[in-house]
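The values are calculated or read from the model by the stated rules, or taken from the named source; none is laboratory data. These numbers were taken from a predicted model, which means no experiment stands behind them. Cβ placement follows ideal geometry from the backbone for every residue including glycine, while neighbour counts extend to all protein chains displayed.
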């Protein structure tokens, strides 16, 4: 599968490595490929401008910061594409810990869907850090990941990718508005990271 990851920060780079490791053809989208290649942390992998990144992609992944997601995705052709949104609307404008710029009655995922009505938006993987996204076995036992989206076919594409990455306990919500709850988990996630001293943790849903 050809996967276009919009974003070249730590999450975007980690996802690119993880998807490549399981055999997918990956390109990272960035505003200025030449500038990105000059960054010390960048490695030799495929880069494209936002406007070109999604060409021919089977899946587009939003791995930009939540505060810039709408602006970045405005440059990407998402018509008909499955868009996996892993971003969170974290607002650090008043310091740490962050608040959410959207919550309760809306979500970043829904904002993206409204901005791109022909896209097939799915929310998933936003409840864990990048390393756990691509290697859930690092936690030592199965934990739970969530998938939310209106389009059953799009959810299946994401579900299959999660299975390839090693996720086994996958809970699906057949509506994108469930992303509100998934994003609102982040304030507690941030507090837990501070209390535990690590970002390597996740929920396990016992039922």
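Yes or no: residue 147 over 20 Å from residue 72 (Cβ atoms), in contact (Cβ under 8 Å) with a residue 60 or more places away in the chain and buried (at least 16 other Cβ atoms within 10 Å of the Cβ)? Lay out the reasoning, then the answer.
Details: over 20 Å from residue 72 (Cβ atoms): yes; in contact (Cβ under 8 Å) with a residue 60 or more places away in the chain: no; buried (at least 16 other Cβ atoms within 10 Å of the Cβ): yes.
Taking the combined requirement at face value, the residue does not satisfy it.
Per-residue answers, yes or no, for (1) touching a strand residue (DSSP E or B) at 6+ places or on another chain (Cβ under 6 Å); (2) in contact (Cβ under 8 Å) with a residue 12 or more places away in the chain:
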| site | (1), (2) |
| --- | --- |
| 26 | yes, yes |
| 31 | no, yes |
| 38 | no, no |
| 48 | yes, yes |
| 54 | yes, yes |
| 58 | yes, yes |
| 62 | yes, yes |
| 66 | yes, yes |
| 69 | yes, yes |
| message | Being assigned to a loop (DSSP other than H, G, I, E, B) and farther than 30 Å from residue 195 by Cα is true for just one of 4, 57, 71. Which residue is that? | response | 57
| message | Checking the structure you have, find out if any residue of region 76-87 is part of a loop (DSSP other than H, G, I, E, B), without any contact (Cβ under 8 Å) to a residue 24 or more places away in the chain and either surrounded by fewer than 23 Cβ atoms within 10 Å (Cβ to Cβ) or touching a helix residue (DSSP H, G or I) at 6+ places or on another chain (Cβ under 8 Å) (or both). | response | no
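I'd like to verify a number: residues in region 153-186 that are assigned to a helix (DSSP H, G or I) and either at pLDDT below 95 or in contact with a helix residue (DSSP H, G or I) (Cβ under 7 Å, 6 or more places away or on another chain) (or both), how many?
First, pick out the residues of region 153-186 that are assigned to a helix (DSSP H, G or I): 153-165, 176-184, 186.
So of that shortlist, the ones also either at pLDDT below 95 or in contact with a helix residue (DSSP H, G or I) (Cβ under 7 Å, 6 or more places away or on another chain) (or both) come out as 165, 176-177, 179, 183.
Total satisfying the criteria: 5.
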